[in-house]
Structure formats: C-alpha cells, structure tokens
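A.B. asks: One structure follows; several queries about it will come next.
Every number in this text was worked out from the coordinates using simple rules, so none of it is lab data. Just so it is clear, the model here is predicted, and its values are computed rather than measured.
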Amino acid sequence: MDIIEVLEHLPQRYPFLLVDRVVAIEPGKSIHAYKNVSINEPHFVGHFPGYPVMPGVLIMEALAQAAGILAFKTAGEKPTPNSLFFFAGIDEARFKKPVVPGDQLHLHVEIERHMRGVWKFKAEARVDGQLVAEARLMSAKRDI
C-alpha cells in the first residue's frame with residue numbers, strides 16, 4: 001500500500017500520520033509497515049535539543065496506526081465520519097533502543113484476538129532488523 005491507500009485507511013493526517021507505507025499485509029493475521037523518521041518532524045525541536053530522539057509514545061502510536069490499518073482491512077472497512085478505531089490500551093510496553101532521525105521504523109503487528117469490536121495485537125518496532133520497542137495493544141471500534 002502506498003501513501004494514498006494508507007490515507008484511505010487511516011483518519012490521521014500530518015503531523016500525526018505515522019505510517020508512510022505498508023510493505024505487506026495479510027488481513028486477519030498481520031501487517032508490516034514503516035515510517036521514515038525525519039529531522040523535520042515537529043517533536044524533534046524539543047525532544048531532545050542536541051540529541052533528537054523519537055518519543056516512545058509516538059512509536060506506540062505508529063504501531064497503533066499500523067494495527068488500525070490491519071483492523072480496517074480485516075473488517076473490509078474504511079474510517080468514516082461516524083466511527084473510528086480508538087486506542088484502548090497498552091500492555092507490556094518496552095523500549096529497547098532510541099529511534100533517531102534517519103531511521104526507518106519498521107512496524108510489525110499481529111492480531112491476537114478480535115471480539116465484539118475490540119481488537120488485541122502483538123506489536124514490534126524494528127530499525128535495521130533490531131528490536132527497538134514492543135507492546136501488546138488494544139483498540140476498540142466506536143461510533144462517534
């Protein structure tokens with residue numbers, strides 16, 4: 001999926017869109033996407049001056065956005081003005097290594113469970129094949 005199709009499957013937009021491309025997706029199972037980390041992103045101005053590091057919460061958000069694409073594709077749906085997938089929980093989050101400008105953050109997400117609009121995922125973020133963050137994520141589809 002190129003950026004045009006990513007935009008069709010996520011409601012987020014700049015500066016909060018954190019998925020640039022989907023490399024592989026198997027609806028009902030898993031997704032591999034990535035985000036190119038650039039020094040031009042607004043959070044690097046203050047996190048941290050002199051040593052820019054991508055905030056861990058944004059790594060988790062990038063994983064959640066990849067999970068959102070997977071959930072929408074699995075359900076055969078796209079975001080609408082009347083319903084969204086909301087982040088509902090993070091468990092077992094671990095950060096192993098800083099992510100810095102110039103990195104390509106690979107997002108690997110697998111569906112663990114789906115029941116009545118609630119999704120659970122196993123998620124890992126990697127740079128150059130090395131694990132930089134991991135977590136169990138939960139999202140829920142809600143009418144708004």
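A.B. asks: Most mobile of Val19, Val109, Val127 per a Gaussian network model of the chain (Cα springs, under 10 Å)?
C.D. replies: Ranking Val19, Val109, Val127 by mean-square fluctuation puts Val127 first.
A.B. asks: Would you mind estimating how fast the stretch 1-62 diffuses translationally, via Stokes-Einstein at 25 °C and 0.890 mPa s with the Kirkwood radius over Cα pairs, in µm²/s? If you can, show how the numbers build up before the last one.
C.D. replies: On the way: Rh = 12.9 Å.
Rounded to a whole number, D works out at 190 µm²/s.
A.B. asks: Hey, can you grab everything whose amide H is under 5 Å from the amide H of Ala93? Only 5+ residues off in sequence or another chain; H modelled, so Pro and N-termini drop out.
C.D. replies: The list, which skips near neighbours in sequence, is Arg136.
A.B. asks: Calculate how steeply helix 56-75 sits against the longest principal axis of the alpha-carbon atoms of the chain, using the helix alpha-carbon long axis, and give the answer as 0 to 90 degrees to the nearest 10.
C.D. replies: With rounding to tens, the tilt is 30 degrees.
A.B. asks: Something else: Below 8 Å between Cα atoms, with a sequence gap of 6+, how large is the relative contact order for the stretch 3-143 in percent?
C.D. replies: 26 percent
A.B. asks: Now a separate question. Once amide H atoms are built 1.01 Å from N in the peptide plane, which residues 5 or more positions from Arg21, or in another chain, come under 5 Å H to H?
C.D. replies: Tyr34
A.B. asks: For the stretch 3-143, what is the per residue volume of the convex hull drawn over the alpha-carbon atoms, in cubic angstrom? Each step should come with its number before you reach the end.
C.D. replies: Numbers: hull volume 14.9 nm³, N = 141.
Convex hull volume per residue, Cα atoms: 106 Å³.
A.B. asks: Starting at the first residue of the stretch 82-95, write each ³J(HN,Hα) from the Karplus equation 6.51 cos²θ - 1.76 cosθ + 1.60 with θ = phi - 60°, in whole Hz, x for Gly and Pro.
C.D. replies: 9, 8, 9, 8, 9, 4, 10, x, 9, 10, 6, 6, 9, 10
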